[in-house]
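Everything on this sheet refers to the single structure shown next.
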Amino acid sequence: MAVEEGALQRGVGLRGALAVNVIAMVGIGPLITIPLVLGALHGPLSLAGWICGALLSLCDGLVWAELGARAPGSGGTYGYVRRAFGKNGGFFAFLFAWQTIFSAPLLLATGYIGFANYAGYLVPAVANPLALKLVAIGVGVVTLLALYRRISRVSQIGIVLGVTTVLTLAITIVAAYARFDPGRAFALDPHVSMWSGLRAGFGAALVLTIYDYIGYGSASSLGDEVRDPHRTLPRAILGAIGIVGVLYVLLQTGVLGAIDWHAIAAAADGTPPALGQHVASTIVERAFGVPVARIVTVLVLITAFASTFGALLAFSRIPYAAARDGRFPRIFAHLDTQRDFPDAALVTIGILALPACLFSLDTVINALVAAGILVQSIAQIAALALLRRREPQAAFRVPLYPLPALLALAGWCYLFFASGTQAMLYGTITVAAGALVYALFSRRMIATT
């Protein structure tokens, strides 16, 4: 039977939901992936990665928006697939909650790793492999402790962190355009033609940029805690994509015009040069001097913390929702009796993110993207098609449907193969393991519904 030990509070309005999405999307992502994107797509060709990433996010975001309007509730995708697939919904819901346990820690780890890298600008002693890993793990512990509180307070913190996130990018963009050289920004690499450059690095670059956009549906996982979710969730999703897309293109263009991209582009093995490890700090230092650069670096660190804060908040509600409905181990349905939040789910995902900090950034990003495509991205597109057939009316409907959904499907399939063999194996094996666990132990682990 389903488990429910308490009631969640509807303490998140439109501003709070928008802030959760923005900070989950932005964080430190673009400030650590720009060198990697430039290593894949040289010079102004890198803009293709950011623009196409925004377009794919918009198509997929429209799917998220309609699903959020149709079936708002804790867990996001978990609730959508459960409702859409009917008698098979329990299996797909379990599989998504299972996969969250393997993908959420990867997303959190990228923020923790990025935080540690930028901390090296302020404290050079941190810039050695062991210290960087220890700092990343320490940030993970602090993030977990910061979320151990009531949702109303979390929403207030989220708004503050969301404003800080946008402010950090804005300052970096202003600094980039303070020394902007159009000739440098739009000069193609003379050694690589446009088409050969795109063919060689577009897939790798798109994997990186879509990682930076991931998070626009984070507020959907808080559906039971959002006020007027049928209207709030679509607005928060599409609004976040629009805001972040403009900021990313402005940022990449500004960086291209402020500094020779060769000085910050990552090498073939994914390792950025010294200047590329602290892109934002370097840009601000050249424009406004070291004192301002230090201030911005502090803001970058706050931004990195904000992204992991929003992501852990949203991800912790997924296994909680599955367990509450009797489709995941009962322990994950437990609510803190004093603060009314899913403590078991929060702590589990928060702790599992810590060992993920021991891997390299590009390895973590590729595995993250591949792990989320099979169970979430593709499953949601199928879920929307089924729900539309059974329930024609909704507070929000995807315009020009099914075109945006088909474009999103094509994009996700392309990204899965572009993520690389190791990442594809990680995604496939974890999904297969989840299916096996469900087949062998579903009657013992979860209640029959």
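Filter the range 74-91 for residues that are buried (at least 23 other Cβ atoms within 10 Å of the Cβ) and either at pLDDT 95 or above or of a type outside the set (V, I, T) (or both) and give the result.
Those that are buried (at least 23 other Cβ atoms within 10 Å of the Cβ) and either at pLDDT 95 or above or of a type outside the set (V, I, T) (or both): S74, G75, G76, Y78, G79, Y80, R82, A84.
Listed here are the residues, each with its yes/no results for (1) surrounded by fewer than 16 Cβ atoms within 10 Å (Cβ to Cβ); (2) at pLDDT below 90; (3) closer than 17 Å to G89 by Cα; (4) in contact with a Leu (Cβ under 9 Å, 6 or more places away or on another chain).
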position: L368; (1), (2), (3), (4): no, no, no, yes
position: G372; (1), (2), (3), (4): no, yes, no, yes
position: A379; (1), (2), (3), (4): no, no, yes, yes
position: L387; (1), (2), (3), (4): no, no, yes, yes
position: P392; (1), (2), (3), (4): yes, yes, no, no
position: F396; (1), (2), (3), (4): no, no, no, yes
position: W412; (1), (2), (3), (4): no, no, no, yes
position: A423; (1), (2), (3), (4): no, no, no, yes
position: T428; (1), (2), (3), (4): yes, no, no, yes
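So is G434 touching a residue at least 12 places away in the same chain (Cβ under 8 Å), part of a helix (DSSP H, G or I), in contact with a Ser or Thr (Cβ under 7 Å, 6 or more places away or on another chain) and small (G, A, S) or not?
no
Search the range 115-134 for residues being exposed (fewer than 15 other Cβ atoms within 10 Å of the Cβ) and not in a helix (DSSP H, G or I), and hand back the single one that is modelled with the lowest pLDDT.
N128
Please pick out the residue among V284, V290, V279, V296 that is touching a Leu at 6+ places or on another chain (Cβ under 9 Å) and on the phi < 0 side of the Ramachandran plot.
Testing whether each residue is touching a Leu at 6+ places or on another chain (Cβ under 9 Å) and on the phi < 0 side of the Ramachandran plot leaves just V279.
Against the definition (in contact with a helix residue (DSSP H, G or I) (Cβ under 9 Å, 6 or more places away or on another chain), over 14 Å from L47 (Cα atoms), in contact (Cβ under 8 Å) with a residue 12 or more places away in the chain and hydroxyl-bearing (S, T, Y)), how does T253 come out, yes or no?
The answer is no for T253.
Right, L188: under 14 Å from A48 (Cα atoms) and part of a loop (DSSP other than H, G, I, E, B) or not?
Taking the combined requirement at face value, the residue satisfies it.
Tell me, which helices (runs of 4 or more DSSP H) lie completely within the range 1-114 with 2 or more residues that are aliphatic (A, V, I, L, M) and closer than 20 Å to A321 by Cα?
14-25, 46-70, 77-84
Any chance you could count how many residues in the range 135-152 are buried (at least 23 other Cβ atoms within 10 Å of the Cβ) and at pLDDT 90 or above?
3
Where the second residue is part of a loop (DSSP other than H, G, I, E, B) and acidic (D, E) and the first is in contact (Cβ under 8 Å) with a residue 40 or more places away in the chain and closer than 24 Å to I331 by Cβ and lies in the range 346-373, which pairs have Cβ atoms under 9 Å and are six or more apart or on separate chains?
Close Cβ pairs (under 9 Å, with a partner that is part of a loop (DSSP other than H, G, I, E, B) and acidic (D, E)) amount to L346/D336.
Answer with yes or no whether F315 is in contact (Cβ under 8 Å) with a residue 12 or more places away in the chain and within 16 Å of G73 (Cβ to Cβ).
When the stated conditions are applied, F315 passes them.
In the range 200-230, what count of residues is obtained for those that are assigned to a helix (DSSP H, G or I) and at pLDDT 90 or above?
Count: 13.
The values are calculated or read from the model by the stated rules, or taken from the named source; none is laboratory data. Quick caveat, the model's predicted, so the values are computed rather than measured. As a convention, Cβ positions derive from the backbone with ideal geometry for all residues, glycine included, and neighbour counts pool all protein chains shown.
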